[in-house]
Each structure stands twice: as C-alpha cells, then as structure tokens.
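What follows is calculated from the coordinates using simple rules that are stated; it is not laboratory data. Quantities reported herein were computed from a predicted structural model and do not represent experimental measurements. When we count neighbours, we look across all protein chains shown, and the Cβ atoms used for this are built from the backbone with ideal geometry, even at glycine.
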Amino acid sequence: MAIADAATVTMLDVSGITAGYGRTMIVRDVSLAMRRGEIVAIVGRNGVGKTTLMQAIIGLLPLAKGNIALDGKAISTAPANERARLGIGYVPQGRGVFPGLTVEENLEMGELINVRAGVTRPLDIAFQYFPRLAERRSQRAGTLSGGEQAMLAIGRVLVGQPSLMLLDEPSEGLQPNLVQQIGDDILRINAELGTTVLFVEQNIELVMHLAQRGYVMDKGAVSAELGGAAVTSQETLIRYLSV
Amino acid sequence: MDGVFNALYQFQVSFSLLLLSAIGLAVIFGMMGVINLAHGEFMMLGAYITTIAGTNGAPLALAMLLGALGVGLFGAVMEIVVVRRLYGRLLDTVAATWAVGLILSQGTLILTGPSMQGISSPFGSFSVGATSYSWYRVALGLVSVALLIGLYLLFMKTKYGLRARATIQNPSIARALGVDTPRMYTITFALGSALAGLAGGLFAPTATIVPFFGVNYIVEAFVTVIVGGANALVGTPIAAALLGAVNAALGTEFGLYIGRVGLLLTTIVIIRVLPDGISGLIDRWRMRPTDSRSGR
C-alpha cells in the first residue's frame, strides 16, 4: 500500500454492530469509520451504550451482528487479547489500573499491545509523556491519586505504541485543571506519535479541546454525526448532552 | 541443647509437611479462585509415578521430577477438559474436581491393587544426644525453602508471573491488554498440579504407597491454605510456620494426637479473627493510603 494512501484509507471500520449482555442488546446497529491519525469523540448522555460500544470494539463483548475491521482486516471474531496485539490500546472507564502491582509493573503490562508490529517498547515512552510516573515507579498503583491513575492508564497503553487508542471517559473524576492537562497530553501523543484516538466523553470542554469530529449516541444507536464545526460548538454539544 | 535441637527439628518437619502439602492447592486457589478437591489424589498420583520410576531404576531426584511433570500434564488436560467450563461456578468446580479425585483413587485401586512396594528413604540417619534423626526429613525442609524461593522468583521476576498476578486482579483488563488469559489459567493450574505431584513424590519415601495416600495430607493442606489466605507466596509459608510451631511444640510435649488438636484449634481461632487469612491482613496493610498520596 502506498504511503500517500495512509491518510485517506479507513483504519477502523465498524459496520452495523449490535452487542450487549446476555439477551439484552445495549448497542444496536452502530456504524462508524475512522481514518488514520484522527481524533473522534463519541458523546451522549449516561446509559446510552457508549461504554458497551467501546467494549465491543476491543472485544470484551461478543458481537451479535455486524463487523469490525482494523486496517482492512476483519477482527469481529478475534478475542480481546488478539485485538490488543494487533494494535488497539484500550483505556477503560475508571482507568482499570492493577491496584496491587507497582507503577512499573502496570506499565510492563502494556508491552503486549501492538506486539505484531515488532517494535521495541521501552517504558521510557510513558515517562516521557508523564514524568510523574517515573517518580512513582516502585509505588503500588492502588496508592496513587486519581490524576496519577489516569496518567498510568494512558501511559500503560502508550508503552505498546498502539495504532488506535480507545479512551472511555478520560475526564472521569478529575478536577478541571487535570482534565485540561490530560487533554493536552492526548493531543501531544496524537501529534507526535500519530496515534488515532477514539474517545467517549461527557465533559464538553474536553470534547471541544480534543475532537476533530464526533458521533452522538442515543438509546444504543448513533443519532447524529458531528462535523468539525459542530464538535467545537459549545451550544451544539450542550444540546446533545443535556438531559 | 539436645532439647533445643529436637524442637527445631520437629518444627522444620511440621513446617515442610504443611508447606509441601499445601503449596499446590494454594497456588491454584490463590491465582484462580478454584478449590481443587482432587489435590490429595494429585499428590497420590505423584507418589505413584515417583515410586514406579524409582523401583524401575530411575535416580530418586529424576523419579520425583517425573512425578511432578506427569501430574502437571494431567492438570493441564483437566483444566482444558473440565475446570475451564466451570469458571465462576465455585460449587460446581468443587463437585467436578472431587469427582476426578474419586476416579483417580478408585482407578488406581483397580489398576494397581491396595498397595505398592515403596521406595526407601535415602541419606540414612544421624544422632544428637540419645535421639536419632533422619537426614531425609532435613532435606525436605531445605527443599521447601528452595521451592518457596523459586516460586517467589517465578511470580515476582518473570513475565509469566507478572501476567498471572495481573490476571487475578482483573482478568478482563489483562485480556484487553493482550494477555491470553485462558492460556494463563491452563499454565497456572498445571503449575499447581505439578507442585502437588512433586509433594507426593517427596513424601513417597516416607509413607506407604496406597491409593488413598492423599488422605494423609489433605487436612493439613486445606488448613494451611485457609489460614494463609489467598496469597500463596505470603500467606502459605507464614501459615505453615505458625501451625508448624504449634503442632511441633504440642506434639513433642504431649504426643501426636494433642499436636493435631492444637493445630485445628489454632486454625479455628485464626479464621474467626481473620476470615480472609493471614495474607488478607497483610494485603490490607500494604494497600493503606500513604502520605505520598496527593494531587498531581
């Protein structure tokens, strides 16, 4: 494939997926597509299926219907560990750090991400973006502050240098100045490493700060697509997010 | 002086008996939350493999290694065929592993008869004062300590160990980070099984080789695991040391029967005070908030 095509070709292609728990389908017939290097937001009120969609994309929930392709390769039936190895870095809601492992051990857990790409993966890349983690490296993750745990969860997937990062509510539980800081860090990662970012968010400031475009979810389905202008308009976002 | 030596000797005999009996059970329970009721029969299987290999000319150490490997392989197959289908269903796992245990002991009875010619305990004996002691029992104490160090290195210093510890803390996150968690469970179950097989092989020269061999160790194994709690590396050795001290002290003074009563009474008191065992207490202490806990 020619390098010139890389920017225009679809990197993540989610088409018509339906997923849920047991027989209850939470996400119904959702389609979205992302190009390499994009930052795309998924917005919507509580309980509309944003987290379920993320879990379906990483593979923690099986698909009842539909297809997911990463770089043109079908991954719909691959287990989550296989999708991670193909290059998806998943940062779950509530961070999902391993509380009993040290900061350094948590970072080492990111080493299997994108392992197929065969690049070397020093922990330094996490320390480069989050120097605070270097000071805490031998401390147990469960004793970190909320802001530090957010950095650790992002730093952990960064170690594997994923081609696609999935962030589920990166702002959750953070003070406004920390939300701004995490937003800056994600922009830097995207600009310097070329990482494609798909994120779920309810914090309007962070959506405006990060997103190039977005999707609105309502009752488990995509109800609207937001272009560059809409996704940076506070009024539009308030309309979609207010109860 | 002789009394002090005798007390130390009895302590390390009790300690190694409890530790070796329990460690395989503790690894499987602590790392997977599975209670393997076939643990005693796994020890029996290890003792049989070791004895058969030993009487057919294999050096004792090799025979014991074969016992560990054979039972480890059996454990891997059992995880894939039986245990895997029952994760999250604790009572079903208990029933299924119990069934496997019954099949193993009855099958052995049918195939080999009620007993088998054993192998004699190596290394001979030595005397301190008027009392004679077995070198082999001393060797078992050293093997216990070596095994603990080996397991510590395996779980704390290798990638397998890191991924296994991450998997017990949060299996779905570990999986989303690329860990093949079903494979981790197979390896861990095989490891716990191999440790049971090794323990059976190590005890084989000191015991009669019968299909119900495991019954002699299963109470000690469970008591040690319950007192130790879910962390096999921290809880099990401390529990074995504590219970071993009680058992040896009472046993030396008042005889084996009182020693065993003391062991069980101590267990009742500890699980009444610490329902999640000694390692539960230690984990709570380790995770306490520290002063460094502040904002960014």
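Brief remarks on what is shown
- Between B:Ala194, B:Ala176, the distinction of being more than 14 Å from every other protein chain (Cβ to nearest Cβ) and buried (at least 19 other Cβ atoms within 10 Å of the Cβ) belongs to B:Ala194 only.
- Residues satisfying the stated conditions in region B:128-174, i.e. among the aromatic types (Phe, Trp, Tyr) and touching a residue at least 40 places away in the same chain (Cβ under 8 Å): B:Tyr133, B:Tyr136, B:Tyr152, B:Phe155
- Check on B:Ala166, part of a helix (DSSP H, G or I) and either within 11 Å of another protein chain (Cβ to nearest Cβ) or within 24 Å of A:Arg116 (Cα to Cα) (or both): yes
- Check on A:Ser138, closer than 23 Å to B:Asp283 by Cβ and touching a residue at least 24 places away in the same chain (Cβ under 8 Å): yes
- Scanning region A:105-123 for residues that are within 15 Å of A:Gly87 (Cβ to Cβ), buried (at least 19 other Cβ atoms within 10 Å of the Cβ) and within 10 Å of chain B (Cβ to nearest Cβ) turns up A:Gly110, A:Glu111, A:Leu112, A:Ile113, A:Asn114.
- Residue match in region A:171-193 (condition: acidic (Asp, Glu), within 18 Å of the chain's Cα centre (by Cα) and closer than 20 Å to A:Leu53 by Cβ): yes
- Residue check, A:Ala126 among the aliphatic types (A, V, I, L, M), free of Cβ contacts under 8 Å to residues at least 24 places away in the same chain, more than 9 Å from chain B (Cβ to nearest Cβ) and closer than 20 Å to A:Gly160 by Cβ: no
- Note on region A:49-103: residues that are within 17 Å of the chain's Cα centre (by Cα), assigned to a strand (DSSP E or B), more than 7 Å from every other protein chain (Cβ to nearest Cβ) and crowded, with 17+ Cβ neighbours inside 10 Å total 5.
- Test for A:Arg136: is it farther than 18 Å from B:Lys157 by Cα, among the basic types (Lys, Arg) and facing chain B (nearest Cβ under 9 Å): yes
- Among all positions in region B:1-22, there is at least one residue which is without any contact (Cβ under 8 Å) to a residue 60 or more places away in the chain, surrounded by fewer than 19 Cβ atoms within 10 Å (Cβ to Cβ), out of contact with any Asp or Glu (no Cβ under 6 Å at 6 or more places or on another chain) and under 21 Å from B:Thr206 (Cα atoms).
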